[in-house]
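Below: the structure, in structure tokens.
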Amino acid sequence: MTNELIYTLTGIFILCWLFQLLFQLRFILKTAIIKNEVQSNEQPPLSVIICAKNEAENLEKHLPHVLSQKYPKYQVIVVDDCSTDDTQMVLSKFKRDHPNFYFTSIPASKRFYQGKKLAVTIGIKASQYEHLVFTDADCQPTSENWLKELAGGFSSEKDIVIGHGRYQKTKGLLNRFVRYESFYNAVQYFGFTLSKKPYMAVGRNLAYKKSLFTDNEPFRRYLTLASGDDDLFITTCATSNNTSICHTYESQTESIPPHSFSRWIERKKRHLSTANEYPFNIKSWLFLEPFTRTLLWALTLFSVFFHIFVWYSIGLFFVRLILQYILLAKAAKKIGEGKIFLGTIFFDILIPVITTYVWIINIFSRKKPKWK
């Protein structure tokens, strides 16, 4: 192997390592040291909006936790999107027992696929109040103070409140992977938001003001995309100053995790289908981070097998890994995710590889992902 090639590989390794260090210290560190922001004492009336498609069982299980929140004034709206199960029957029962509950239905259409954005839009138009909270039918709040915590993120300057939507803890490697991937995503987009670069949120735990939606019409350009009622709203409406983070355990929701790897892949495909709509600087960061991470792993293994700059590469590699381990441990403690960070070493290379695989599938697939 020539000296020129060795110098080139060494240079690439150092550049990748420096980028990883920059990313960790600029974004991941923000979540690791996040402090409880001063919560507003105001408790404005809230409209909680849930879009449901064939979710009768989940609604029966999780809706009582939404309807029993310790909050002075709020309504709950469920938009039934073309369900063919017993959703109507379940919703009618809740309507009889809860005066602050309302539901509406979207009839099935053979002429066009409307996607979740239509259901979200109908829910917003049906809402009575200015402050909106969004979650999903397969989610339930982690506490009875969920609405109180989210509402505290609103102020005269803050129109959007981004929360964390965790997954239930069950047995098995798949569950650990799904929870870790969701946790790492949250740490990442929390860090970007805290760095005045908001780019995404999760629709299962998000709040914003109705006027922000009606003034900007965020879905008008993206009606053909299956996903993105959360990400595309943030991309269109969030600014460096109008968005706050709500990270406490009591402010979170917990969702049923996918029970198979193929189901998780389908969800990931829908999520990645909106990534092209992110601002260029955000896309650059999000592309370079997994790209340089994968290169760092590859070059470290290459140096070991071919005995080239071995001790330098191994030393720098573990400096970066230990730093990430420490920051994720602190971030997990901040947002109440326990010891999920222990999967860092195993999932550190697995996640970018799988994400790249899903991204390639999306590029070459003729069948566009749909909300089910």
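Structural remarks
- MRE, 222 nm, helices only [DSSP H, n ≥ 4, -39500 (n - 2.57), over the chain, to nearest 500]: -16500 deg cm²/dmol
- For the range 182-338, the equivalent ellipsoid derived from the alpha-carbon gyration tensor has semi-axes of 33, 19, 17 Å in decreasing order.
- Cα long-axis angle, helix 310-334 against the chain (0 to 90 degrees, to the nearest 10): 20
- Gyration tensor verdict on the range 145-274 (Cα atoms; rounded if a/c is under 1.5, prolate if a/b is larger than b/c, oblate otherwise): oblate
- Sorted peptide list for 346-359, 305-318, 70-83, criterion being average Cβ within 10 angstrom, highest first: 70-83, 346-359, 305-318
- Relative contact order of the range 49-186: 30 percent, from C-alpha pairs under 8 Å at least 6 residues apart in sequence.
- Taking amide H as placed 1.01 Å from N in the peptide plane, Y278 has no amide H partner under 5 Å among residues 5 or more places away or on another chain.
- Per-residue Cβ neighbour counts within 10 Å put I335, I345 in the sequence I345, I335, beginning with the fewest.
- Cα long-axis angle, helix 280-306 against the chain (0 to 90 degrees, to the nearest 10): 40
- Antiparallel DSSP beta bridges within the chain, percent to nearest 5: 30
- In terms of distances greater than 22 angstrom between alpha carbons, the cross-link table entries K70/K171; K95/K210; K35/K197; K53/K73; K117/K171; K158/K333 yield K70/K171; K95/K210; K53/K73; K117/K171; K158/K333.
- Largest-first ellipsoid semi-axes for the range 128-203, taking √(5λ) over the Cα gyration tensor eigenvalues, angstrom: 25, 18, 9
- Divide the volume of the convex hull around the Cα atoms of the range 46-275 by the residue count and you get 122 Å³ per residue.
- Long-range HN-HN contacts of S244 with modeled amide H, under 5 Å: I160, V161, I162
- Degrees separating the helix 87-97 axis from the principal Cα axis of the chain, which is the longest one: 60
Each reported figure results from applying straightforward, stated rules to the coordinates on display, with no laboratory input. On a predicted model such as this, the values are computed, not experimentally measured, just so you know. Cβ coordinates were reconstructed from backbone atoms using ideal geometry, including for glycine residues, and neighbour counts include every protein chain displayed.
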